[in-house]
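Visitor: I am attaching a structure below and will ask some questions about it afterwards.
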Amino acid sequence: MTPPRIAIYGAGMIGNYLGGRLHKQARIRFIARPHVATMLRTHGLGVSDLHGYKQHITPDMLDLRIHPDAVRDADLVLVTVKSAATMDVAHELAEVLPTETPVISFQNGVRNTAELRAALPKHCVLAGMVPFNVSQPDTAHFHQGSSGELIVERSEALKPFADIFAASGMPLQQQEDMQAVLWAKLLINLNNPLNALSGLPLREQLAQRPWRQCLALLQREGLRVLDVAGIRPAQITTLPARWLPKVLSLPDALFQRIAARMLAIDPLARSSTWDDLQAARRTEVDYINGEIVALAASKKMQAPANARIVALIREAEQSYAPWHGQALLRELMDAR
């Protein structure tokens, strides 16, 4: 039996990692920007994780494309582009993708699935969530630096693919209320810009109480806004979302005992926001902290700490300089 063809629409950090892990189980087609396709044609694709998994796929084994019409014969499409590109991708898919082909959005943020559905009303478009961090430690090498299982909206359309993901070491955990999952992930992702501003690896940053206090402040603000909006975030970690700010604020020694799994991160892992700043790319902060600010405004509220982080990241996109945790904590407290 011929394995299904899975198209990775957006061969960046997440797309290349997912495609690399799935490569042995399915026919993977990468739809990439020209410079990424050139990199993969030159170096092949390496994937690894913090548990010791390693794989290298030689260039001749990669199916690399740069045009949207490469999805025409796909059995499943994984959208992994940056959130700012979602509408462009949605319109590109609408022109070429057969209506029977399901689509999963594995992107940061809470709006991407709705935007894809608006342009693809006859398609099965499913929300997905990647819980783990992926970094690029070397050219064409993508590394999973933290643990977690992929979460995706429950659907019969996933049945032909569930075993493939499981055999690739990435089982799909299916959930009914994906918006609750996506908001819970967003609360965790409020740390992405903090990590970028720290200049530290994630594990080192989260081991320092001032940085955790910054995150706790942002999360408390976010939780207040979600309460007013009637949104209850799902529990996607060992602790309920509402407990996280209190636990994050604990002294270092106590935090390390209670939340050891939160620090089970590869020593070199950093956030995607840090990666974007180092590569001089526009970040996704509008789709992370900016979502809290926008939701607050829609409820005639304010989210000043998250708004300040958005502003600081915009400044860092122009001229990057790391902060000290205590100084940023004062900055955020003053913003309130």
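The values are calculated or read from the model by the stated rules, or taken from the named source; none is laboratory data. Nothing here was measured: the structure is a model prediction, and the numbers come from that model. Glycine also receives a Cβ, built like all others from the backbone with ideal geometry; neighbour counts cover every protein chain displayed. Note: areas computed on protein heavy atoms with side chains; ligands, DNA, RNA excluded. Shrake-Rupley method; radii C 1.70, N 1.55, O 1.52, S 1.80 Å.
Visitor: Would the range 123-130 turn up any residue that is closer than 30 Å to L202 by Cβ and assigned to a loop (DSSP other than H, G, I, E, B)?
Guide: Yes, the range 123-130 contains a residue that is closer than 30 Å to L202 by Cβ and assigned to a loop (DSSP other than H, G, I, E, B).
Visitor: Among the residues in the range 185-203, are any touching a strand residue (DSSP E or B) at 6+ places or on another chain (Cβ under 9 Å), free of Cβ contacts under 8 Å to residues at least 24 places away in the same chain and closer than 21 Å to L126 by Cα?
Guide: no
Visitor: With respect to F161, determine if the residue is aromatic (F, W, Y), more than 22 Å from Y287 (Cα to Cα) and in a helix (DSSP H, G or I).
Guide: Judged against the criteria, F161 is a match.
Residue-wise test of (1) open to solvent by less than 40 Å² (accessible area, probe 1.4 Å); (2) at pLDDT 95 or above.
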{"residue": "S198", "(1), (2)": "yes, yes"}
{"residue": "A207", "(1), (2)": "yes, no"}
{"residue": "L218", "(1), (2)": "yes, yes"}
{"residue": "G230", "(1), (2)": "no, yes"}
{"residue": "Q235", "(1), (2)": "no, no"}
{"residue": "Q278", "(1), (2)": "no, no"}
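Visitor: Another question, then. Checking S105 against (1) part of a strand (DSSP E or B); (2) under 14 Å from the mean Cα position of the chain (by Cα); (3) in contact (Cβ under 8 Å) with a residue 40 or more places away in the chain, which test does it fail?
Guide: Going through the list (1) part of a strand (DSSP E or B); (2) under 14 Å from the mean Cα position of the chain (by Cα); (3) in contact (Cβ under 8 Å) with a residue 40 or more places away in the chain, S105 breaks only (3).
Each row is one residue, and each column tells you yes or no for (1) farther than 26 Å from R282 by Cα; (2) in contact (Cβ under 8 Å) with a residue 60 or more places away in the chain.
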{"position": "P4", "(1), (2)": "yes, yes"}
{"position": "M13", "(1), (2)": "no, yes"}
{"position": "A37", "(1), (2)": "no, no"}
{"position": "L62", "(1), (2)": "yes, no"}
{"position": "D73", "(1), (2)": "yes, yes"}
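Visitor: Something else now. Mind telling me which of the residues P245, P233 ends up being under 19 Å from W183 (Cβ atoms) and in a helix (DSSP H, G or I)?
Guide: Numbers: P233 fails: in a helix (DSSP H, G or I).
Answer to the check: P245.
Visitor: Right, here's the next one. With respect to L22, is the statement that it is out of contact with any Leu (no Cβ under 6 Å at 6 or more places or on another chain) and in contact (Cβ under 8 Å) with a residue 60 or more places away in the chain true?
Guide: yes
Visitor: Next question, about the same structure. Counting only residues that are surrounded by fewer than 19 Cβ atoms within 10 Å (Cβ to Cβ), at pLDDT 95 or above and under 22 Å from L62 (Cβ atoms), how many does the range 86-138 have?
Guide: 2
Visitor: Among R212, R242, which is charged (D, E, K, R) and surrounded by 17 or more Cβ atoms within 10 Å (Cβ to Cβ)?
Guide: R212
Visitor: Can you give me the number of residues within the range 255-283 that are farther than 12 Å from P193 by Cα and among the acidic types (D, E)?
Guide: 1
Visitor: Hey, another quick one. Touching a helix residue (DSSP H, G or I) at 6+ places or on another chain (Cβ under 9 Å), open to solvent by less than 40 Å² (accessible area, probe 1.4 Å) and free of Cβ contacts under 8 Å to residues at least 60 places away in the same chain - does that describe any residue in the range 256-265?
Guide: So far as the range 256-265 goes, yes, one or more of its residues are touching a helix residue (DSSP H, G or I) at 6+ places or on another chain (Cβ under 9 Å), open to solvent by less than 40 Å² (accessible area, probe 1.4 Å) and free of Cβ contacts under 8 Å to residues at least 60 places away in the same chain.
Visitor: Only residues that are charged (D, E, K, R) and within 14 Å of the chain's Cα centre (by Cα): list them for the range 266-288, please.
Guide: Result: R270, D275, D276, E284, D286.
Visitor: For the list (1) open to solvent by 60 Å² or more (accessible area, probe 1.4 Å); (2) touching a residue at least 24 places away in the same chain (Cβ under 8 Å); (3) not polar (S, T, N, Q), I need the number of the one condition that A297 fails.
Guide: (2)
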